[in-house]
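One structure below.
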Amino acid sequence: MKEEVNLKKTVLLFALAMVTIFIIVACSKGDTKKEGIGGDESTEGVADTANDTKVGENPVPQTSLPIPQSFKESVDYGYTGEWAMKEFSDEVKSALDQLPSITIEATEEEIHAYERKVFSLFKENLSMPNVPIEQWQAMKFADPNIAEEENQLKKNYNVAILLDASGSMGALENGKTRMELAKEAINQFVDSLPEKAKVSLTVYGHKGTGDEADKEVSCSTVEQVYSLSAYDSKEFTNALDEFDPAGWTPMTKAVEQAMVNLESQDGSENTNIIYLVSDGVETCGGNPVQAMEKLSDSNLSPVVQIIGYQVNNDGLTQLKEMARAANGKFINVQNQEDLKAEFKRTTEMAKVWSEWHRNSNAAINNLNKTVQKQLNDWHHEEQEKMNREHHHLQLAINYLKEQKKIDSDVFLRLDENYRAYYLQVDKEARELFLELDQLNRDSFLDNWEEISERFLKNVSE
């Protein structure tokens, strides 16, 4: 009995500790409530290029969002810059030319407004560590009355995909529509899942057009084009070919229909991963946040992953709220490669599930490597975004100074504040990475022999 208790503690240590440290770090570094930060992600006023405050005769641009003071605040910043993730081109310079001139003689409020506006133009979309530990938790039996099973993984692994097929998914990206690229990524994703995993595909917004006359038919139609079952390449490809981007966006109805489609897949026996992919907001009058709350509270015990595909800032806000309501994750992707990378995280975790049923000892080692790789990838991606953001801000204020839009004193102030922001978020992101990295090593590598010995003994018994 003692060995069984110790075994349970060892096996669950990593998942529980990972969740705990996420909560501690997020709270300790982002608990100061500021305008536009945290729960209220309103973007009202962000896009304004003029307001009542003036320097001489020139209007000063305003934004309601202060410059973040921590990595967590930067993640929660309710806006993605118009020039984020883009080259510092002549087009960017032309936009900066539209800004008014300002000197150190301006009021403190005016300089703050200018500083915020320039910052908002280049703000990158940072994210917290996207390591799918919640999927690991969802895989496990958790009933303390089933001692022989509580260290095993659930027998079934289901992936349900809800795909936005509204008209906006017809927008072009590198010569192909978003829908074409999403279909390719989804097909590659389900093809790479373990053989015993089951998949389903539900589409919405694929009927009618974006015209008001077609709104009723478009908003009332949600269709499961591939029922939950093992992946069949030909049938799944045929299902993807059945629809094209067309009408409105009934996300609420899609979530509600997913609950109906999956109602027999009780979370006590099934790992249920639900992906919702969308490039916009609900346009059919529903309440997708409320629908996500009901989904989260259902017997499915789902792991919800919401992917925003090139969403605007209204979409960013709503999809984030939906993810929070479902205790899930929101991921903002900008292209097909980002979409494939996100799907790959689930593929890797699904392979751990599949391997566990064959060899739990090897699965533990594979889980360690999977988490390590995903932590490394996350930190590398965030560093790229932070470096690009800071580089663009430096180029911007240098250009504004050259064009005499700002004087030397304002330049120095903006340079100091942007540098302080960059150093702080970079430092906190690195600290978070190191904490999680060390936890992963401590939980697996340092105790590997003991874990292996106990698991082998447990299997033999």
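List of remarks:
- Rounded if a/c under 1.5, otherwise prolate or oblate - the stretch 201-265, Cα gyration tensor axes: oblate
- Multiplying the residue separation of D232 and D437 by 0.36 nm and subtracting their alpha-carbon distance yields 70.0 nm.
- Residues of the stretch 172-198 with amide N under 17 Å of the 7 Å Cα→Cβ point at K155: 196-198
- Two-site FRET efficiency, K344 against Y399, from Cβ-Cβ distance with R₀ of 51 Å, rounded to 0.05: 0.85
- Between R413 and E384, the modelled labels are 3.6 nm apart [label points 7 Å from Cα along Cα→Cβ].
- Solvent-accessible surface of the stretch 235-287, taken per residue with a 1.4 Å probe and all protein chains present: 38 Å².
- Candidates per GluC sites (Glu not before Pro) in the stretch 181-277, loop by DSSP, up to 14 other Cβ within 10 Å: E195, E242, E263, E269
- Restraint check, K155/K385; K155/K373; K123/K351; K183/K427; K140/K253; K72/K404, Cα-Cα greater than 32 Å: K155/K385; K123/K351; K183/K427; K72/K404
- For I331, the residues whose amide H sits under 5 Å from its own are I306, I307, G308, ignoring neighbours fewer than 5 places away on the same chain, with H placed 1.01 Å from N.
The values are calculated or read from the model by the stated rules, or taken from the named source; none is laboratory data. Given the structure is predicted, the values throughout are model-derived calculations rather than measurements. Note that each Cβ is placed from the backbone with ideal geometry, even for glycine, and that neighbours are counted across all protein chains shown. When the accessible area is computed, the model is the full protein with side chains, heavy atoms only, and any ligands, DNA or RNA have been set aside. Shrake-Rupley method; radii C 1.70, N 1.55, O 1.52, S 1.80 Å.
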